[in-house]
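What follows is a single structure, written as structure tokens, with notes after it.
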Amino acid sequence: MIKITKFGGSSVADAAQFRKVRSIIESDSSRRFVVVSAAGKASKADNKITDLLYLCRAHVEYHVDYHGIFDIITKRFIDIKNELGLRINIEKELSELCEELPRLSTDELVSRGEYFTSRMMADFLNFPFVDAADVIKINYDGSIDFDATDENLRFIMKDHDRFVIPGFYGTTPDGSIKVMSRGGSDITGSILARCLKADLYENWTDVSGFLMADPRIVKDPLGIRTITYSELRELSYMGASVLHEDAVFPVKEANIPINILNTNRPEDRGTIILDSIPKDEDDSTTITGVAGKKGFCALAISKKHMPESVGFCRRILSVFEKYGVSVEHLPTGIDSIGMIVQEKYVHNCLYDIIAEIKEKAEPDDIKYIPNLALIATVGRNMSSRIGTSGRLFAALGKNNVNVRIMIQAFNEINILVGVDEDDMENGIRAIYDAFVKN
Ligand code: ASP
């Protein structure tokens with residue numbers, strides 16, 4: 001059994017968290033490949049090491065003395081080292097880094113958060129340390145070179161049957177360090193899981209997996225035990241983020257399950273993410289989760305005999321394309337069509353877009369509808385189940401939520417409703433109660 005075990009920044013924020021990680025690793029002998037993020041926040045007032053490193057870089061750029069910030073970083077690492085009684089001599093390396101800092105590339109500098117945290121973790125676990133720079137190969141366009149990474153891993157596995165590796169970075173073909181996007185250690189875990197053909201990718205964080213709804217909106221929502229990658233994608237789009245979105249692709253292709261687990265409550269089962277869940281093992285409710293997102297607006301465009309006007313939609317869409325605005329949903333009537341976009345992408349160019357649509361598509365009317373929220377009700381078990389939408393809309397009606405838009409794609413795993421922003425929380429509670437409490 002091979003498990004990739006990835007610990008996020010909050011799981012390695014201080015010495016107490018390091019001890020929790022060690023007891024998790026020691027409690028299961030298949031946890032032999034450990035990916036580590038840079039130390040994150042130990043408390044609300046604390047700072048993530050990665051943020052502090054970016055801040056040092058900004059100081060250098062603006063010719064402001066960075067030593068004060070670097071001292072905070074050094075102290076964080078030395079405190080962990082001293083409290084755990086580690087042998088590793090990081091003081092010298094940190095002071096060399098401080099000296100060299102102005103000459104390092106941003107990527108190399110910020111990668112040092114993961115590098116030092118992992119070195120200390122390797123020492124603490126008594127595992128070999130393997131540098132991600134020698135393993136993870138990243139093409140110049142940012143994509144992962146799986147063949148080269150695979151080969152490096154095979155070479156390393158000749159000598160090591162366990163190791164700790166930093167997340168978040170790798171090297172480009174010219175040998176320079178390149179970091180992934182923020183939260184990228186999740187992706188490193190996923191790459192390793194795929195290359196080592198792992199049975200499971202454990203992603204340890206500070207929550208016990210995904211909840212069925214945002215706890216700021218629904219009181220004590222239930223946890224999600226199993227979710228498919230497609231459902232996760234639908235919910236993440238609405239902002240329910242625990243896992244980096246790009247971490248899904250490498251393991252999805254290899255059908256390796258991801259288990260989201262809580263370092264502070266290791267006994268919790270967390271959430272398992274899978275490609276598909278066999279019907280007989282599926283004990284989840286009709287819906288898997290409900291999430292909402294504000295900040296949408298729509299242009300409602302009408303034209304008589306729209307169904308017969310060939311090219312009408314294309315002409316409208318080409319205007320949005322010209323302004324680089326993505327049209328996220330397109331609900332239609334007989335003689336009208338709505339273009340739903342995110343408000344932040346049009347607030348500077350809205351009137352130009354309207355003017356060009358008038359000129360290019362000659363509609364009869366265009367209305368701007370601001371302050372919309374979308375609520376996504378997601379669930380693999382909704383598909384082909386008669387009565388699901390009836391239940392959903394009845395719940396919204398009973399709770400005085402006016403539905404302004406309804407969208408359901410053919411995969412039937414998500415029913416999206418558009419409501420006024422002020423109605424979003426109420427709508428989410430109504431849907432959750434209808435499916436979970438009743
Ligand atoms: N340390 C990096 C960040 O803060 C990457 C990670 O934690 O996954 O974004």
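Only residues that are surrounded by fewer than 14 Cβ atoms within 10 Å (Cβ to Cβ), modelled with pLDDT under 85 and not acidic (Asp, Glu) were counted in region 241-283, giving 4. Of the residues Val248, Val207, Val242, the single one that is of a type in the set (A, V, I, L, M), within 16 Å of the ligand (Cβ to nearest atom) and assigned to a helix (DSSP H, G or I) is Val248. Being touching a helix residue (DSSP H, G or I) at 6+ places or on another chain (Cβ under 9 Å), without any contact (Cβ under 8 Å) to a residue 40 or more places away in the chain and not in a loop (DSSP other than H, G, I, E, B) is a property that holds for Gly170. Just so you know, in region 175-195 the residues that are surrounded by fewer than 19 Cβ atoms within 10 Å (Cβ to Cβ) and either of a type outside the set (Ser, Thr, Tyr) or more than 16 Å from the ligand (Cβ to nearest atom) (or both) include one that is farthest from Lys41 (Cα to Cα), and it is Gly175. Taken over region 120-134, the criterion of being in contact with a Leu (Cβ under 9 Å, 6 or more places away or on another chain) and touching a residue at least 40 places away in the same chain (Cβ under 8 Å) is satisfied by Met120, Phe124. Residue check: is Ser30 under 16 Å from Asn259 (Cβ atoms) and crowded, with 23+ Cβ neighbours inside 10 Å? So Ser30 does not fit the description; no. Is it the case that region 68-75 has a residue that's more than 30 Å from Leu200 (Cβ to Cβ), within 14 Å of the ligand (Cβ to nearest atom) and under 28 Å from the mean Cα position of the chain (by Cα)? Among the residues of region 68-75, at least one is more than 30 Å from Leu200 (Cβ to Cβ), within 14 Å of the ligand (Cβ to nearest atom) and under 28 Å from the mean Cα position of the chain (by Cα), which makes the answer yes.
Count of region 1-21 residues, restricted to those that are of a type in the set (A, V, I, L, M, F, W, C) and within 16 Å of the ligand (Cβ to nearest atom), is 6.
Within region 175-197, being assigned to a helix (DSSP H, G or I) and touching a His at 6+ places or on another chain (Cβ under 7 Å) holds for Asp186, Ile187. Could you give me the residue pairs with C-beta distances under 9 Å whose first residue belongs to region 45-73 and is among the charged types (D, E, K, R), whose second residue is assigned to a loop (DSSP other than H, G, I, E, B) and away from the ligand (no atom under 16 Å from the Cβ) wherever it lies, and which are 6+ apart or on separate chains? Partner pairs satisfying both residue conditions: Arg57/Tyr66; Arg57/Leu104.
If you go through region 226-266 and pick out every residue that is in contact with a strand residue (DSSP E or B) (Cβ under 6 Å, 6 or more places away or on another chain) and among the charged types (D, E, K, R), you end up with 2. Might you check whether a residue that is surrounded by fewer than 15 Cβ atoms within 10 Å (Cβ to Cβ) and not polar (S, T, N, Q) occurs anywhere in region 284-292? Scanning region 284-292 turns up no residue that is surrounded by fewer than 15 Cβ atoms within 10 Å (Cβ to Cβ) and not polar (S, T, N, Q). Going by the conditions given, is Lys41 within 22 Å of Thr5 (Cβ to Cβ), among the charged types (D, E, K, R), within 12 Å of the ligand (Cβ to nearest atom) and crowded, with 18+ Cβ neighbours inside 10 Å? So Lys41 fails the test. The residue of region 65-90 that is nearest to Asn47 (Cα to Cα), among those that are of a type outside the set (S, T, N, Q) and at pLDDT below 95, is Ile90.
Only a single criterion out of (1) away from the ligand (no atom under 16 Å from the Cβ); (2) under 25 Å from Glu91 (Cβ atoms); (3) touching a residue at least 40 places away in the same chain (Cβ under 8 Å) is not satisfied by Ile24, namely (2). Evaluating Gly142 against the criteria (1) modelled with pLDDT of 95 or more; (2) within 16 Å of the ligand (Cβ to nearest atom) leaves one unmet condition, (1). When the test is whether a residue is hydroxyl-bearing (Ser, Thr, Tyr), at negative phi and in contact with a strand residue (DSSP E or B) (Cβ under 6 Å, 6 or more places away or on another chain), Tyr140 does not pass it.
The values are calculated or read from the model by the stated rules, or taken from the named source; none is laboratory data. Predicted model only: the values in this text are computed from it and were never measured. Every residue, glycine among them, receives a Cβ derived from its backbone with ideal geometry; neighbour counts consider all protein chains shown.
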